[in-house]
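Heads up, the thing below is written out as structure tokens.
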Amino acid sequence: MLTIGVLVSGSGTNLQSIIDSIEAGCLDARISVVLSDNPQAHALKRAEEHGIKTCVITKKELPKREDYDRRAVEVLNAHGVELVVLAGFMRILSPVFVRAFPLRIMNIHPSLLPAFPGLDVHRKAIESGARFSGCTVHFVDEGVDTGPIIIQAVVPIRDDDTPETLRQRILTEEHRIYPEAIRLFGEGRLTVEGRRVRIREGRFPEGVLVNPAIEDE
Ligand code: GRF
């Protein structure tokens, strides 16, 4: 069984989807600790409701990024964490953290990377005029939203979308792909070759998507 540590700052719907997958028997993993920089994060309540240990380290306690990250690494190691799962953690990790868990940190990002890294991505995707956006689970490297891509879901952008409506539809897909990425990792099916992640016995879709749909197709 895979031991994971989840890092959160906010509402924790992705954390919830991981908890639900584990409890449903779809993901053979155990969350040994949920760590947050924000004592008010609703994600902490979700963890507590499921009897999962929580830990808060605020920026005020350790203002220097490297000190913060060193402490976080200590906590994760003390809890036997094999895979670090970033689920809405609003801090950029320093090399101190990334090097402590090489190819053992995942992040979820609400766009189809490498398009729209960073923040405010739903608005940026709409304003760009793109017909598709989506979400990406990737390994974390020392850049921001640049690591090798594991799984993506594509979400069409509608003419009447606002950043909020698009965010909601993308979030629904995030909750499907994050547990799946963790499952693939736990089953030892992911290997990284340069920027590419190979998936042993992956099932790859045949079809294509066109938006707007073409009549008679
Ligand atoms: C999600 O949109 C995720 O893609 C991004 O942060 C948000 C976290 O949402 N990295 P939640 O806290 O899991 O609800």
Q) If you check Asp145 against the conditions, is it within 18 Å of the chain's Cα centre (by Cα) and on the phi > 0 side of the Ramachandran plot? A) yes
Q. Does Leu86 satisfy being surrounded by 18 or more Cβ atoms within 10 Å (Cβ to Cβ), of a type outside the set (D, E, K, R) and farther than 23 Å from Leu27 by Cα?
A. no
Q: Go through (1) surrounded by fewer than 17 Cβ atoms within 10 Å (Cβ to Cβ); (2) in a strand (DSSP E or B) and name the single condition Arg158 misses.
A: (2)
Q) Which one is surrounded by the most Cβ atoms within 10 Å (Cβ to Cβ), of the residues in region 21-53 that are touching a residue at least 12 places away in the same chain (Cβ under 8 Å) and of a type in the set (Asp, Glu)? A) Asp37
Q: Consider Asp69 carefully, then state whether it is open to solvent by less than 60 Å² (accessible area, probe 1.4 Å), at pLDDT 95 or above and among the acidic types (Asp, Glu).
A: yes
Q: Could you list, in sequence order, all residues of region 1-16 that are surrounded by fewer than 21 Cβ atoms within 10 Å (Cβ to Cβ) and either under 12 Å from Tyr178 (Cα atoms) or aliphatic (A, V, I, L, M) (or both)?
A: Met1, Leu2, Thr13, Gln16
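The values are calculated or read from the model by the stated rules, or taken from the named source; none is laboratory data. Computed from a prediction, not measured in an experiment: that's the story for all the values here. Virtual Cβ from ideal backbone geometry, glycine too; neighbours counted across all protein chains shown. Side chains included, ligands, DNA and RNA excluded: accessible areas come from the protein's heavy atoms. Shrake-Rupley method; radii C 1.70, N 1.55, O 1.52, S 1.80 Å.
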